[in-house]
Amino acid sequence: QVQLVESGGGLEQPGGSLRLSCAASGTIFSIVDMRWYRQAPGEQRELVARITEVGSSNYADSVEGRFTISRDNAKNTVYLQMNSLKPEDTAVYYCNDHIRTQRTGPTFSYWGQGTQVTVSS
């Protein structure tokens, strides 16, 4: 069993910053891929940022240059540093890890519970 626990959401003013964390625990051999998604009311869930096992990252155009994804492999944790926040960043943010639970075999996708980020003055 694997669990992902998110933290760090909240209310922030436009132009401010927040840092999200997502810690994975359980039977983990390696975390191949770590992602952050978000879903605003009435919208589809969208991929915000992704970081691979070797640290290669990419971002949605809407957050490029403002958000930074990073990972701490020793802690099985992924972070999302969000700067220069805008009202349109308001959404529930979900982490999503692709985890290998054994040395060989497939990866499985796990989701965090979601954390609310609200950007408003």
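Computed from the Kirkwood radius of its Cα pairs, the Stokes-Einstein diffusion coefficient for segment 1-70 at 4 °C and 1.567 mPa s stands at 93 µm²/s. At full extension, Glu64 and Lys86 could sit 6.6 nm farther apart than now, given 0.36 nm per residue minus the alpha carbon distance. On the principal axes of its alpha carbon atoms, segment 55-121 extends 49, 24, 21 Å, with the longest extent given first. Just to be sure I understand: with springs between alpha-carbon atoms less than 10 Å apart, which residue in Gly65, Gly15, Gly105 has the highest mean-square fluctuation in the Gaussian network model of the chain? The residue with the greatest mean-square fluctuation here is Gly105. Note on the chain: Cα-only Rg and Dmax are 14.2, 50 Å. Legend: residues Lys86, Lys75, sorted from most to least accessible area (1.4 Å probe; ligands, DNA and RNA excluded), read Lys75, Lys86.
Qualifying GluC sites (Glu not before Pro) in segment 7-64, where qualification requires a DSSP coil assignment and no more than 11 other C-beta atoms within 10 Å, comprise Glu43, Glu64. For the chain, the dipole from Cβ point charges (+1 on Lys and Arg, -1 on Asp and Glu) about the Cα centre works out to 320 debye, to the nearest 20.
The values are calculated or read from the model by the stated rules, or taken from the named source; none is laboratory data. Since the structure is predicted, the reported quantities are computational estimates derived from the model, not experimental observations. Note that each Cβ is placed from the backbone with ideal geometry, even for glycine, and that neighbours are counted across all protein chains shown. To get the accessible areas, we keep the full protein, side chains included, count just its heavy atoms, and leave off ligands, DNA and RNA. Shrake-Rupley method; radii C 1.70, N 1.55, O 1.52, S 1.80 Å.
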